[in-house]
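Notes follow once the structure below has been shown.
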Amino acid sequence: MGSAGWRSDLDEDIRTALRAAIAQLDAARVDAPTTTARLLLAHVLDKPKAWLVAHGDAQLDAAARERFGALLRRVVAREPLAYVLGSREFYGLDLSVDRRVLIPRPETERLVELALDELQVIHLSPHRRPARFSVLDVGTGSGAIPIAIAKHVPDVCILATDISADALAVARLNARRHGVADRITLLQADLLDGLVALPPIITANLPYVTREEIEGLPPEIQAHEPRIALDGGDDGLALVRRLLEQIAARMTRGDGTAQPRAAFLEIGASQGPAALAAARTLLPQAQAEIKKDLAGLDRVLALRLA
């Protein structure tokens, strides 16, 4: 494969090439080596994984072998598969990702579900008030959350913020790719800085990994994903608390400025009690509860604000 100790003689047929690749991935202790090898080769050939199984005797030309080997080297070096492939599926959507953004995780889909449920409640409410934006997504990264919401609610308009201009560039690309760029406004901001009126719904998947935990993360995460998208401070909740403080400040203005009715903030699986305590201290008037993900783990701090 061009590096000492790795094979460089990937054979021409699919079955043998996959066998060699799986062995290398397994030796490098890459998770799910068989699935990973198939995804890489399917990407190179622009074929579904099932096609590879049915065409194991098909020959690989030199260009395909070279590209497969190049991608395989990156994964063996513990670069995240999503970055190598340039995409990640989220809520049934294929999103472009690279080292400028955190790779979307399945557990974050819970935020989308909760926001969609809340939008349905608002739509059915006889007290529905007009608003330029229905949702504010804070720390949008690749744009996964607002794009998923916009794809499922055709008339919704969303404001999405991120402190990183690089991340917003990726979000803009994804919004255009999925045909929702006209309904998602992207803004570079540090949490709610510069915002006065807030939409009815706030979603946020902010960094919540503790600094101690970061040092023990797998190399795919620690060495490749942006630290700014991981680092939640000493206890993982530094940015969550700041956001709660900013929401609280806007809830007490008393000048008729539009205020949110619900907020959904992703948290770590062990942070439920601390997140609830922070919410009850900073927003004592709110109804706060923890929502679990599909694995039964604490995942979202849900706030009923109005």
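Where a number appears in this text, it was derived from the coordinates with a stated rule and is not lab data. Remember, predicted model here, so these are calculated numbers, not experimental data. Cβ: placed from backbone, ideal geometry, glycine included. Neighbour counts: every protein chain shown.
Quick look at the values:
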quantity: Among residues of region 260-296, those that are free of Cβ contacts under 8 Å to residues at least 40 places away in the same chain and not in a strand (DSSP E or B), counted; calculated: 16
quantity: Some residue of region 203-217 being in a strand (DSSP E or B), touching a residue at least 60 places away in the same chain (Cβ under 8 Å) and within 23 Å of the chain's Cα centre (by Cα); calculated: yes
quantity: Region 204-234, residues that are surrounded by fewer than 18 Cβ atoms within 10 Å (Cβ to Cβ) and either aromatic (Phe, Trp, Tyr) or under 18 Å from Arg280 (Cβ atoms) (or both); calculated: none
quantity: Residue match in region 112-122 (condition: under 19 Å from the mean Cα position of the chain (by Cα) and among the small types (Gly, Ala, Ser)); calculated: yes
quantity: Test: Asp13 is at negative phi, touching a Gly at 6+ places or on another chain (Cβ under 8 Å) and surrounded by fewer than 20 Cβ atoms within 10 Å (Cβ to Cβ); calculated: yes
